[in-house]
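The values are calculated or read from the model by the stated rules, or taken from the named source; none is laboratory data. Quantities reported herein were computed from a predicted structural model and do not represent experimental measurements. Counting neighbours? That spans all protein chains shown, and the Cβs are built from the backbone with ideal geometry, glycine included. Note: areas computed on protein heavy atoms with side chains; ligands, DNA, RNA excluded. Shrake-Rupley method; radii C 1.70, N 1.55, O 1.52, S 1.80 Å.
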Amino acid sequence: EQDIYDCLFDDEAFLTLSTRLAHTIGARSAQMHWIHKGGATQVLNHSGYFSDQQLKRYAECFAGLDPWVIASDRWQAPNTVMNLEELVPVSEFERSEFYNSFVGPLGDDTCRAMGIRVENSEGAGFVALQRGRAEATFEKIDLEKLSQLAPHLRRLLSFRAQLSALQLRVNSAAMLLEATNQAIVLVSNDGKVIHANSSAEELLGTSRILWTCQGKLQPAPAFRRQFEEAMSVAARAESPSSSAVFLSDGVAERLVVTAIPLAGRQSLAEVLLIIKDLDETDREAADRLQALFQLTAAEAAVASMIARGKTVLEIAQQRAVSVGTVRAQLKHIREKLGCRRQAEIASLVASIPPIKLGAGG
């Protein structure tokens, strides 16, 4: 029993638990897996009889076809030790698609099992112990051994399932952060970096006005007061909206940081920072315009500047060309974008979402 509770927080002990269970009960193999509410299946640990790759394939392709899982669900006796061979006789099991598509092709004869089904708000979990066709069926004494451990195994599996579900949510959130080319950083209210996506890591590694030092965000001295004021506002739980800090508007580097308070946190206040390199944003917008509307590089640059509210005179001065050149470029832009006025160009450009392409895109 103590070994089971040692597995609550000891990952190494948890990973070897199925092996110890198989030895205690006298089973050829054992595993623990969890089917989440959304249908995703995870093998949490196993005794090593089947390989990691084989059980990964089981989780991805065959868990939904497992006759033992299906029968235990129909039986509707969660948290009870079951001789699964009584629910699914060997002859029936060997006729199943699961056996003939998964177990048999492995050259295996596993067809006897007993176990425990655990259910909670996160889904359903299983502690399963198996034997082969040539081995003895699980008997009453085997079920009694498992029954003695059952209450402790149920608590462990439920706890581990909650940790697993939390990790899945964390992984999903991280994937969402990586799916955008926006630089996004989660920080504590004192500026300590909790998580930064790859775009943020790249930006903070090259910026001269905002970087990390000993795990904390460090603004350049000229912008420290603005940054700290915005962090202070955003870190307050009662803050109804975000606050933006324009860190720089010089020719060398232009960054804007939007600080978004994460309300409802009971412990350390946290703030989500969205950091934009305006020069990089302009370049990306121009690239997208070229690809989507067959604009020239010069036309794409002018359209991007129009979207930022620049006048024809300002564009001409910034690009060191004549006003007439800019007007001619605008005429071509209107024709290619199907717009009549500059306001329509600005609206269309602003509506094009940033898309982060992978290496193969």
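How far apart, in nm, are two points set 7 Å out from the Cα along the Cα-to-Cβ line at A328 and at R225?
4.8 nm
Can you work out the FRET efficiency for the pair L166 and E201, with r the C-beta to C-beta distance and R0 = 25 Å, to the nearest 0.05?
The formula returns an efficiency of 0.55 here.
Out of the trypsin sites (Lys or Arg not before Pro) in region 1-55, which ones are loop residues according to DSSP with at most 15 other C-beta atoms within 10 Å?
Those that pass, being in a loop and sparsely packed, are K37.
At a Förster distance of 35 Å, what's the computed FRET efficiency of D73 paired with E178, Cβ-Cβ distance as r, to 0.05? Present the calculation step by step, with values, prior to reporting the outcome.
Values: r = 36 Å, r/R0 = 1.02.
FRET efficiency, D73 to E178: 0.45.
Pairs of Cα atoms under 8 Å, at least six residues apart: use those to get the relative contact order of the chain, whole percent.
Contact order relative to length: 10 percent.
Amide H to amide H under 5 Å from Y49: which residues, 5+ apart in sequence or cross-chain, H placed 1.01 Å off N in plane?
Under 5 Å from the amide H of Y49 lie the amide H atoms of A30, each far enough along the sequence or on another chain.
Past 31 Å, Cα to Cα: identify those pairs from K56/K216; K310/K336; K192/K310; K56/K145, in the order given. All intermediate terms of the calculation are to be shown ahead of the outcome.
Working: K56/K216 39 Å; K310/K336 20 Å; K192/K310 37 Å; K56/K145 29 Å.
The pairs that break the limit, which is 31 Å between Cα atoms, are K56/K216; K192/K310.
Give the long-range amide H neighbours of L210: residues separated by 5 or more places, or on another chain, with amide H under 5 Å away, using H modelled in the peptide plane at 1.01 Å from N.
It is A220, by chain and number.
What whole-number value in Å² describes the accessible area per residue of region 9-111 for a 1.4 Å probe?
That works out to 50 Å² per residue.
Please state, rounded to one decimal and in Å, the Kirkwood hydrodynamic radius that the chain gives when every pair of distinct Cα atoms enters the mean of 1/r.
25.4 Å
Cα gyration tensor of region 52-149, axes a ≥ b ≥ c as square roots of the eigenvalues: rounded (a/c below 1.5), prolate (a/b > b/c) or oblate?
In terms of gyration-tensor shape, oblate.
Please determine, in degrees from 0 to 90 and to the nearest 10, the orientation of helix 224-235 with respect to the longest principal axis defined by the Cα atoms of the chain, where the helix direction is its Cα long axis.
With both axes taken from Cα atoms, the answer is about 40 degrees.
List the residues whose amide H sits under 5 Å from the amide H of K216, counting only those 5 or more places along or on another chain, with H placed 1.01 Å from N in the peptide plane.
Answer set, sorted by chain and number: V193.
Within region 129-156, name every residue whose backbone N is under 19 Å away from a label modeled 7 Å from Cα of E94 along the Cβ vector.
130-138
Taking a probe of 1.4 angstrom, what is the accessible area of R308 in Å², to the nearest 10?
90 Å²
I'd like the carbon and sulfur percentage of the solvent accessible area for the chain, probe radius 1.4 Å, heavy atoms only, ligands and nucleic acids excluded.
With neighbouring chains kept in place, the figure for the chain is 53 percent.
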